[in-house]
1. Listed here are the pairs LYS110/LYS433; LYS324/LYS345; LYS281/LYS345; LYS201/LYS322; LYS45/LYS110; which of them are more than 19 Å apart at the Cα?
2. What length, rounded to one decimal in nm, is gained on full extension from LEU111 through to ALA535, with 0.36 nm per residue of separation minus their alpha-carbon distance?
3. With θ set to phi - 60°, apply the Karplus curve 6.51 cos²θ - 1.76 cosθ + 1.60 along segment 468-478 and write out the HN-Hα couplings as whole Hz, x wherever there is a Gly or Pro.
4. Run the quick spin-label model on VAL519 and LEU57: label points 7 Å from Cα toward the beta carbon, then report their separation in nm to one decimal.
5. Only loop residues by DSSP count here, and only those with at most 12 other Cβ atoms within 10 Å; note down the GluC sites (Glu not before Pro) in segment 488-542 that meet that.
6. Regarding segment 236-321, what is the average projected area of its C-alpha convex hull, in nm²?
7. When the accessible area of the chain is split by element with a 1.4 Å probe, what percent falls to carbon and sulfur?
8. Return one quarter of the surface area of the convex hull spanned by the alpha-carbon atoms of the chain, equal to its mean projected area, in nm².
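The values are calculated or read from the model by the stated rules, or taken from the named source; none is laboratory data. Treat the numbers as computed from the prediction; the structure is a model and nothing was measured. Ideal geometry is used to build each Cβ from the backbone, glycine not excepted, and the neighbour counts take in all protein chains shown. These accessible areas exclude ligands, DNA and RNA; they are computed on the full protein's heavy atoms, side chains included. Shrake-Rupley method; radii C 1.70, N 1.55, O 1.52, S 1.80 Å.
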Amino acid sequence: MKHSELQSPLKSIKMRQRKNGSSIKHPNLSDAEAKSQKKSPYSLKDVFLTCLGFRMLNALLIQTYFNPDEHWQALEVAHRIAFGYGHLTWEWEEGIRSYLHPMMFALFYKLLALLRLDIPCVMIKAPRLLQSIFSAVGDLYLYKLSFVLFGDGVAKWALFSQLANWFMFFCFNRTFSNSLETTLTLVGLYYWPSVRSSLNKAPSGSRKWGLALAALACAIRPTSAVTWVYVGLLELYLTHDRLRFIFVELIPIGSVVLGITCLLDRLMYDSWVLVPLNFLKFNFLSSGGDYYGTHKWHWYFTQGFTVMVFTFLPFCVAGIIKSKYWKLSGLILWVLGLYSILGHKEFRFVLPVLPISLIFVGYSLAALDERGSRNGAKKRSSCICNKWPSRKQLAIFFLLASNIPMALYMSLIHQRGTEDAMNYLSKEAAKGKVKSIVFLMPCHATPYYSTLHNNLPMRFLDCTPNKGMPTESDRFMMDPVSFAVDFAKNWSHPSHIVLFDSEERHLKDFLISHSFREVRRFFHAHFKVDRDLQASVVVYAD
């Protein structure tokens, strides 16, 4: 969409104002903010290129491990599709994951192989660089959505908040399906008519684009339906052509996207699999996700989402109150409320509504800017040489000073050992120095073939849910020595063993007795994340 098209709703409002001879403004904007609804000084191309450059740098700075799904549910599957080897976890055997998201990375891997760029350093960095393009699109549409709702003054500060927020920096460029879901949500909301005010209507036909993007988000991650049910009901309530919305747009577009997804999964699974139904049965009807841990119902409100918003929280609350734009604030509350019903909770599950909350931060910061300009003349007349920073400057300093260290620490330092160990083994394997690897650590604690990119025998401890029976990973953590002794009776002697230092203390004699010696040690974390403190990752070789 051209930038001139972005302005068309605003121009039509101004024309109606001149025609009626009245001063009509957006009901959620102050007088100063309404006046700021003029042509933006920034072109969309400049905004996108700025965001793209920032996100690519962001992608290069991410060197830590966050959640197994980034590798095991996306890149590992894509690597298997593209190169013929890679591990599929039990979710793929049960048919509760769609191949739509991994296929995107599989095609990218194929392109790298065709260009003969599938070398260790490229295979490690390239997927997050690809994701940075999608993230930049999400940033652009956050700016566009904020612009059509509140004007340029809010849009630029909403974009600032998105780029400065520590969790967006830490998580948005990771290859989660949640990251792509977040981008699709932002783009889809921009095209969805009911999200906008009656004075700022969406272009004709945009609802179809919104529906297509909503369907695609749900195909990639079925839980995205939580967001789009709210938006769909809002549209159903506000629109005057309900029958057209349901029977001419919603059902046909949803059926086409679902059909294409089912055909792709039929091809990859080699049988008919209805992934959304299987996903619903496992996560909602049988509470299968509770196997991976549960939290109190209020966790998102008191810990999870508040940590993600972090020091932006008071500005978000202020923006919600000041703007009175209940459509979007209601969406945040709806998503957090429904996800709170589930026992298993994770930060990334509610990532799609984090940018929405940052729009309200932008509103709050723009209001500070307005207040400063409103009082500027009085201050200059009373004291020309005022050296005290404005409230807006103090707010920006506070937000940057609190979020930048957090973003850099979590992206560069915390839990980097497992990534560093696999990067090291990938380079060693390329030199022919690695023959086989065993991971004596909790399952899925490291990347796998997608990082190693070498078809060597590898073995990790299985953690497939087994009706209350302890898994290999559980038994190892309960008694590392006994498990390792029994495990070694049936193994083909590996060339390398990888483990955390917390288990190394128990297995030192075992490793020495099997002729293993330490070859590398990588820092992992300063404080406990799961069970014991896993301060470092150690690589042993025979």
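1. On the way: LYS110/LYS433 26 Å; LYS324/LYS345 29 Å; LYS281/LYS345 17 Å; LYS201/LYS322 22 Å; LYS45/LYS110 29 Å.
Pairs exceeding 19 Å: LYS110/LYS433; LYS324/LYS345; LYS201/LYS322; LYS45/LYS110.
2. On the way: separation 424, 0.36 × 424 = 152.64 nm, distance 3.76 nm.
Between LEU111 and ALA535, full extension yields an extra 148.9 nm.
3. Ordered by residue, 3J(HN,Hα) equals x, 6, x, 7, 4, 4, 5, 5, 5, 5, 6 Hz.
4. Output for this residue pair reads 3.7 nm.
5. Details: sites: GLU503, GLU504, GLU518; in loops: none.
Answer in residue order: no site qualifies.
6. On the way: hull surface 40.5 nm².
Projected over every direction and averaged, the Cα hull of segment 236-321 covers 10.1 nm².
7. Working: 15400 of 24560 Å².
Whole-percent figure for carbon plus sulfur exposure: 63.
8. Values: hull surface 114.9 nm².
Convex hull of Cα atoms, orientation-averaged projection: 28.7 nm².
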